[in-house]
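Below is one structure, written out as structure tokens; comments come after it.
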Amino acid sequence: MTALGLLHPGHFAEDDYPRIEQLLGSDIRVDLVHTDTGTGAREQDALREMGSDTRLAAGVEQLRLAGAEAVVWACADGSFVYGWDGAHEQVRALARAAGMPASSTSFAFVHAARELGVRRVAVGATYPPDVAGLFAEFLRAGGLEVTGVHGSGAVTAAEAATWGEKELLALARGADHPEAQAILLPDTALHTAAHLPALEKHLGKPVLTAHQVTAWEALRLADRRVNAPALGTLFTREPLVQA
């Protein structure tokens with residue numbers, strides 16, 4: 001049994017993870033601990049507070065007791081808002097507190113893109129423009145080219161959590177660009193686990209979403225590979241040999 005530990009902000013779209021766990025197979029367990037989101041505002045200062053070392057460390061003891069082999073801060077905006085170097089410091093502090101390998105959803109997007117061998121990505125963002133811009137800067141710092149950032153106008157996580165396949169497809173289509181090799185949807189408040197095959201079929205290219213890459217990143221840290229076509233191209237590709 002491989003146990004994956006996730007720290008998830010609040011209670012939006014967390015029901016994606018039991019679905020992902022089922023699709024990954026019976027020998028993988030996803031343990032979820034909810035963190036305090038503070039005000040929950042999608043503003044830079046509030047996001048930095050949400051991702052503070054103190055808030056994240058509060059949840060790691062429960063994951064240790066559950067036997068987690070790796071921990072991922074299952075949040076994008078509460079990570080990339082610190083910038084590339086600051087996000088590295090965040091996961092290093094998390095690893096020290098947890099006593100196990102650690103990462104975050106932000107780094108998961110970069111690692112997943114590298115896994116697929118893509119360099120040019122389009123972003124479909126539900127964040128305010130300034131926050132979405134920080135994600136694009138983070139991706140560029142990770143060596144990716146961002147063809148553009150398409151905003152949705154969703155202001156709150158609660159609003160994003162109500163979206164279904166129709167809204168997701170509109171977001172992905174709005175973000176798509178002829179030069180983009182993959183489309184990234186970074187919000188962990190979006191329900192995406194049930195819609196990945198349909199999104200990739202309609203777009204004709206890999207679609208990377210927050211919950212999907214978070215689970216993949218946890219497996220990567222635990223040195224596990226799983227073939228799960230229902231979770232998109234990322235879970236069907238053989239690993240690439242990095243130069």
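Odds and ends about this structure:
- For the range 125-135, the set of residues classified as over 13 Å from the mean Cα position of the chain (by Cα) and buried (at least 17 other Cβ atoms within 10 Å of the Cβ) consists of Thr126, Tyr127, Pro128, Val131, Ala132, Leu134, listed by residue number.
- Looking at the range 128-243, the helices (runs of 4 or more DSSP H) lying wholly inside it that each contain 2 or more residues that are not assigned by TED's automatic domain parsing to the domain that holds Ala113 sit at 210-221.
- Put simply, of Ala76, Ala46 the only residue that is surrounded by fewer than 22 Cβ atoms within 10 Å (Cβ to Cβ) and either farther than 23 Å from Leu184 by Cβ or not assigned by TED's automatic domain parsing to the domain that holds Gly164 (or both) is Ala46.
- Under the condition of being at pLDDT 95 or above, in contact with a strand residue (DSSP E or B) (Cβ under 6 Å, 6 or more places away or on another chain) and not hydrophobic (A, V, I, L, M, F, W, C), the residues counted in the range 206-231 number 4.
The values are calculated or read from the model by the stated rules, or taken from the named source; none is laboratory data. If you're wondering where the values come from, they're calculated on a predicted model, not measured in any experiment. Virtual Cβ from ideal backbone geometry, glycine too; neighbours counted across all protein chains shown.
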